Amino acid sequence: MQLKELRVSGYRSLREIRLGLGPLTVVTGPNGSGKSNLYQALHLLSRAATGGLARTIAEEGGMGSVLWAGPRRKAAKNEPVRLSLAAITDTFSYELRCGLPTPRITLFSQDPEVKEEYVWHGRARRPATTYFQRDLSGAWIRDAKGGRTGFTGELAANEAVLSQLREPHLYPEIALLRAEMERWRFYHHFRSDPASPLRQPRPGFRTPILGHDGSDLAAALQTILESENAPDLEATVAAAFDGARLRVTAEGARFRLLMEAPGLRRPLEATELSDGTLRFLCLAAALLSSRPGGLLALNEPETSLHPEVLDSLAKLIVNARRQSQVWVTTHSEPLAQAIERFAGIKRIALERIEGATQVVGQGLVFQPED
């Protein structure tokens, strides 16, 4: 169930934008153009599916901080500000619209309130294709016979329906859509300070999916080394680090990461590896996962990396699109150029005009080339 289009409006610098997506999407632009806002919007969609909508918005400062705050069109000045997120696929699609809660005396005035919500079949939402609809007056769902049935259950106002209707035998379409969005993976920050879990022996067990913070790096790498992707990992590390080789050792149930390099008389401990080396290994573990997610999103993966390893990273990213849909947000022109060269695609270049994020040369809508 590949994500074909992402639609966002009313979120930070994203007044309104629609992006057609392919197997690999690369987003670039200067500081402040809205690259990270797009990544965060995609992440917010995923969190909504897993019951984290209110928490994620609170961590971003509350609804008042995430809503579009730029100039509004004349025709919309009297309309309430809404945050709208939509994920469009060929199978099922989903849209969430939320805003500030109805005014009342409460400390939770920065919680999101779901104003409208839709699940439908295919890419275009029409009455005949709509499976679930929710607004402030209530909700309805389409039954097995194709008729509309009023939904009588209680839905939390600050969370999406995807995270609340968890009976797949009763709501198979919602269960399928939620399961797909739960498989999306996001990687943004890997701690590399001296006390980082990446540098310490960690509990070791088979780990087909690297954790979002990379704290299970040694176990994830060993899982790859014992899989059919082992040759790719070994070749990638050797190419990026002058013939180096990874080794994972076990001390009871704790795994320790080592790197052997030509010319050195002993392997390097994780405590001795550079920040960039550790970050590259985390990215390699994510991109070579033996259980790839439906979508793999990387935000500024070039951070701390030496320029000489960017080609190796680009090849990993391009090859990963065979198993997962890949999204990359980057500041690095060399990385963007390398991905374009290896994959034969064009990036989405962003700019900001009158406070609003737009696609350079295409305005609010971007469609990838076939």
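The values are calculated or read from the model by the stated rules, or taken from the named source; none is laboratory data. In this text the structure is predicted, and so the values were computed from the model without any measurement. Please note: Cβ atoms are built from the backbone with ideal geometry, for glycine as well, and neighbour counts cover all protein chains shown.
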| field | Members of the stretch 33-67 found to be touching a Leu at 6+ places or on another chain (Cβ under 9 Å), free of Cβ contacts under 8 Å to residues at least 60 places away in the same chain and either not assigned by the TED database to the domain that holds Arg178 or not small (Gly, Ala, Ser) (or both), listed by number | value | Leu44, Arg47, Thr56, Ile57, Glu60, Met63, Val66, Leu67
| said: Give me the helices (runs of 4 or more DSSP H) completely within the stretch 1-76, filtered to those with at least 3 residues that are more than 17 Å from the chain's Cα centre (by Cα), ordered by residue number. | reply: 63-66
| query | When you scan the stretch 295-370 for strands (runs of 3 or more DSSP E) that lie fully inside it, which ones turn up with 3 or more residues that are within 23 Å of Met181 (Cα to Cα) and outside the structural domain of Val237 (by the TED database)? | reply | 295-299, 325-329
| Taking interchain pairs and intrachain pairs at least six residues apart, which have beta carbon atoms under 7 angstrom, with the first residue in the stretch 193-222 and in the same structural domain as Leu287 (by the TED database) and on the phi > 0 side of the Ramachandran plot and the second in a loop (DSSP other than H, G, I, E, B) and of a type in the set (Phe, Trp, Tyr)? | Gly214/Phe190
| field | Subset of the stretch 267-313 [of a type in the set (Lys, Arg) and either crowded, with 17+ Cβ neighbours inside 10 Å or on the phi > 0 side of the Ramachandran plot (or both)] | value | Arg279
| query | Ala175: under 29 Å from Asn299 (Cβ atoms) and among the hydrophobic types (A, V, I, L, M, F, W, C), yes or no? | reply | yes
| remark: Of Glu167, Glu116, Glu154, the only residue that is among the acidic types (Asp, Glu) and assigned to a strand (DSSP E or B) is Glu116
| request: Restrict the check to the stretch 128-151 and report whether at least one residue is in contact (Cβ under 8 Å) with a residue 24 or more places away in the chain and not in a strand (DSSP E or B). | output: no
| message | Among the residues in the stretch 324-341, are any among the hydrophobic types (A, V, I, L, M, F, W, C), more than 19 Å from Ala240 (Cβ to Cβ) and without any contact (Cβ under 8 Å) to a residue 12 or more places away in the chain? | response | no
| field | Options Arg55, Arg134, Arg148, Arg72: the member that is among the basic types (Lys, Arg) and buried (at least 18 other Cβ atoms within 10 Å of the Cβ) | value | Arg134
